[in-house]
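The structure under discussion appears below in the form of structure tokens.
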Amino acid sequence: MNFQFIVNPSAGQGKYKQVINSIKQVLSESQQHYDIVVPSYKGEATLLAKKAAAKYDVVVAVGGDGTINEVINGLMGTDAIFGIIPAGTGNGFAAEFELPLRIKEACKVLLNGHTRWIDIGNANGRYFVGFAGLGFDALIAKFAGEMFGPLRGIWIYFFAGLLVFNRYKPQPISIEIDSELLEVRPLLVAIANTKRYGGRALIAPDALPDDGMFDVCVIRSMGAFALIRHLSKLFNGKHIRLPYVRMYKGGSVAIKAQDPIPFHVDGEPLDSCCEMQFTIIPKAIRLLVPKEGGERDSIRMKDEYHPIIYSDSTLNPLCYG
């Protein structure tokens with residue numbers, strides 16, 4: 001097998017060279033063929049992944065959920081296998097599959113793991129792996145990116161949420177989930193392919209990444225006191241019992257609003273819009289996972305390849321969100 005690693009220069013909280021050294025140590029010992037590339041601007045990872053899919057068996061995203069999202073958008077429609085080295089702040093998608101957070105251990109999953117087919121979501125033409133959302137959380141993501149740049153983490157989002165709470169004005173919207181039509185004034189709507197939201201929040205406790213369905217969490221508008229009081233329930237999944245919350249399942253979600261609403265995919269803010277269409281693409285990508293989480297189509301590595309000598313002098317670091 002041959003591997004292309006796409007390393008976010010913000011990986012490892014900016015210590016991406018250490019991340020790269022760990023990758024090199026494990027892959028060199030395995031005698032597998034590999035290349036490493038570091039994108040120099042936001043969005044380049046998608047272009048690099050698309051190009052790599054034609055040449056490499058496995059394309060690996062090294063970073064957090066934002067990096068995973070960019071790489072997936074380059075791999076859709078190709079035969080490349082998808083791998084992950086969790087090196088972001090939240091690593092919510094990696095946690096879904098119990099991928100180890102230690103770089104060397106995650107590399108061993110690439111070499112010895114199995115593959116698993118997973119679903120991919122499409123939001124107005126942009127693919128996502130974990131979740132998409134609109135409303136208050138999307139405004140938080142946008143504000144956090146503008147104020148804190150590549151910095152991420154629960155406290156960053158908490159602080160951003162405090163600053164923008166009074167700025168967000170919930171508006172009535174219509175939500176069509178398959179054939180069911182809802183009229184709501186939500187605080188936020190999460191369209192989830194996986195359980196976790198931003199790393200630790202269990203926004204959709206029953207979501208499965210390979211069931212061909214979204215789990216849709218609709219949280220109705222509430223006051224600041226109620227929000228603070230119930231916030232901790234997001235981290236154990238008990239929020240779904242609240243009267244403010246309703247859960248739905250469906251393979252297609254259409255949302256319409258009178259005024260543009262902020263929305264995001266995998267935590268990456270996109271332009272606000274009045275109409276959003278979300279569709280699930282069943283079993284669209286093969287993901288390398290630990291053996292106990294994989295299926296019958298395990299990857300058997302070849303031993304005739306030799307690692308390419310990689311020079312740190314070729315790096316062109318430019319941090320991006």
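Counting just the residues of the range 250-271 that are within 14 Å of the chain's Cα centre (by Cα) and of a type in the set (D, E, K, R), which one comes out surrounded by the most Cβ atoms within 10 Å (Cβ to Cβ)?
D266
Determine whether the range 94-117 contains at least one residue that is at pLDDT below 90, assigned to a helix (DSSP H, G or I), within 21 Å of K283 (Cα to Cα) and of a type in the set (A, V, I, L, M, F, W, C).
yes
Can you confirm whether D79 is part of a strand (DSSP E or B), surrounded by fewer than 20 Cβ atoms within 10 Å (Cβ to Cβ) and touching a residue at least 12 places away in the same chain (Cβ under 8 Å)?
No: the conditions fail for D79.
For the range 241-275, what are the residues that are polar (S, T, N, Q) and touching a Phe, Trp or Tyr at 6+ places or on another chain (Cβ under 9 Å)?
Matches in the range 241-275: S252, S272.
Select from the range 253-268 the residues that are in a strand (DSSP E or B) and under 13 Å from L139 (Cα atoms) and list them in ascending order.
Passing the criteria: P260, I261, P262, F263, H264, V265, E268.
Of the conditions (1) within 19 Å of R167 (Cβ to Cβ); (2) part of a helix (DSSP H, G or I), L234 satisfies every one except a single condition; which number is it?
It is condition (1) that L234 fails.
Which members of the range 171-198 meet the condition of being in contact with a helix residue (DSSP H, G or I) (Cβ under 8 Å, 6 or more places away or on another chain) and not hydrophobic (A, V, I, L, M, F, W, C)?
T194, K195, R196, Y197, G198
Taking A61 and the conditions (1) touching a Gly at 6+ places or on another chain (Cβ under 8 Å); (2) outside any strand (DSSP E or B), which numbered condition does it fall short on, given that it satisfies the others?
(2)
Among the residues of the range 12-29, are any of a type in the set (D, E, K, R), in a loop (DSSP other than H, G, I, E, B) and modelled with pLDDT of 95 or more?
Scanning the range 12-29 turns up no residue that is of a type in the set (D, E, K, R), in a loop (DSSP other than H, G, I, E, B) and modelled with pLDDT of 95 or more.
Could you count how many residues in the range 210-225 are surrounded by 23 or more Cβ atoms within 10 Å (Cβ to Cβ) and not hydrophobic (A, V, I, L, M, F, W, C)?
1
Restricting to the range 30-55, give me the number of residues that are part of a loop (DSSP other than H, G, I, E, B) and over 20 Å from A94 (Cβ atoms).
9
What do you reckon, is A52 of a type in the set (A, V, I, L, M), at pLDDT below 95 and within 20 Å of L111 (Cβ to Cβ)?
So A52 fails the test.
Go through the range 6-61 and give me each residue that's loosely packed, with under 15 Cβ neighbours inside 10 Å, touching a residue at least 24 places away in the same chain (Cβ under 8 Å) and under 23 Å from G113 (Cα atoms).
Listed by number, the residues that qualify are Q25, Q31, A54, K55.
The values are calculated or read from the model by the stated rules, or taken from the named source; none is laboratory data. Everything numeric in this text was worked out from a predicted model, so none of it was measured. Note that each Cβ is placed from the backbone with ideal geometry, even for glycine, and that neighbours are counted across all protein chains shown.
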